[in-house]
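Before any comments, here is the structure.
Rule-based calculations on the coordinates, nothing more; no lab input. The model shown is predicted, which means the values in this text are computed figures rather than measured ones. Glycine also receives a Cβ, built like all others from the backbone with ideal geometry; neighbour counts cover every protein chain displayed.
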Amino acid sequence: MSQILPETQGWPVCGRRRCDRVSRGSVAGSGWLLLCRPGFEAECAAEAVAQWRGRGGGAPQVTRGEGWARLRFPRTALEPAGVSFVALVFARQGCWLADGIETQPFDGPQGVLERLPQWLAAVPGVTEILVEAPDGEAARRLWPACRSLQERLEGAVSPARRGSQEGLRLHLVLMTTGEVEVGVAPLEGSSPLAGGIPRLRHSREAPSRSALKLEEALKFFLGEEGSRLLRPGMRAVDLGAAPGGWSWVLARRGLQVVAVDNGPLGRGALDTGLVDPLRADGYTYRPERPVDWLVCDMVAPPARVAKLVGLWARRGLCRRAVFNLKLPSGDRLAELRRCETIIRRELAAGGGSCELRFKHLYHDREELTGYLVVEGVVGNPPARTRTPPGPRGRQGRKAGSEAGGGRRRGHRAG
Ligand SMILES: C[S@@+](CC[C@H](N)C(=O)[O-])C[C@H]1O[C@@H](n2cnc3c(N)ncnc32)[C@H](O)[C@@H]1O
């Protein structure tokens, strides 16, 4: 198994109604501390500043380091209608810098234990404590200290409060060997995982490490709904499938997958018996009847992938999609917004709408993962229906042969 954590436990869930606004808890803070992938600090800060200003806040002062960005607000603010750091795209983790107790000296675990009661008194309502450090090269050396401090803090929150679904999470972020940031966030507004980093183990059966990207995406975006939304018997198309990691992830959940690629699939995916390889161009392949899931990991310009996903959605060819946008260096935030607009426009042109989310997941590198739920498409789903072919377990079936011949049988270009 590539997952260690149980399906429903310990994951930040980004379901639509859960992560937009987090209304519980009232947090007085002097700023935000955000953790992200090293190299993405500028995007992380820019997105957060836009969020803050969009809520009517004054211009914050921004500091950045390796794997983190800090916003300091002109004056102490009470948490507005509820910000969710989970909903930010580039931040893996985030918290309010707790007013009056932020930026403390770190003088070892004993010092933290001694000062903890004072911090807890300053932020009433804490039900959970998380110790973490940024993902930069220097700060990573603090990860073992974080784990050991986390263990020592076991039991620091009163048993009556522990495990509560409501309340606040106290974040102790070891920034350097001598400094700890003390922050706070509503339970649903930040990740319960240290640094927002999931522990997933690569399975030897998986055809590629890319499998971890989809595993993480499904857990992040679907959370406890995963087993309802990914069920045996459902049908999926995987565009840019080779060597087959994503197809393998879906097949292990019992889905039937048409795996489209110019290149060959690895044995791991084929051995599931549920993956049907198809040598075809991912841009022009269309299923002859709608599928439950589209996944797309093609190495392609992000706007082109966005257009393709939008087109599938507009035509009602898939109900849900997970896709990667490989972002070029430069203004990645602007590129993301452009892709978002392309998808929304495409859907609106077909009279539909969607739930659309993005996240820079831990297993993403230069790419972002998108999640789309198509709603109210009144457009143009293909009229023909036909039972999909079973898995054939052989390589190299040509595009068009699924239904016995290209355009005539429902494989349409563009
Ligand atoms: C990053 S790999 C996909 C890895 C895969 N998701 C996995 O888990 O093993 C990108 C794939 O996209 C395929 N690809 C790129 N352009 C394509 C196109 N126009 N049509 C079909 N496949 C394409 C490449 O052949 C390559 O196998």
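Summary of values
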| read-out | value |
| --- | --- |
| For the range 344-351, Karplus couplings with θ = phi - 60° (6.51, -1.76, 1.60), whole Hz, Gly/Pro x | 5, 5, 4, 5, 4, 4, x, x |
| Residues of the range 301-342 with amide N under 11 Å of the 7 Å Cα→Cβ point at Ala50 | 332-341 |
| 13 Å Cα-Cα reach of Lys326 towards aspartates and glutamates, excluding residues that sit fewer than 8 places from it in its own chain | Asp297, Glu335, Asp364, Glu366, Glu367 |
| Residue order, fewest to most beta carbons within 10 Å, for Asp297, Asp99, Asp331, Asp238 | Asp331, Asp99, Asp297, Asp238 |
| Estimated D of the range 259-375 in µm² per second, where Rh is the Kirkwood radius over Cα pairs and Stokes-Einstein applies at 25 °C, 0.890 mPa s | 165 |
| Under-5 Å amide H pairs with Gln104, H placed in peptide plane, nonlocal only | Val180, Glu181, Val182 |
| Protection-proxy order for peptides 335-346, 143-154, 364-375, each taking the mean of Cβ atoms within 10 Å per residue, highest first | 364-375, 335-346, 143-154 |
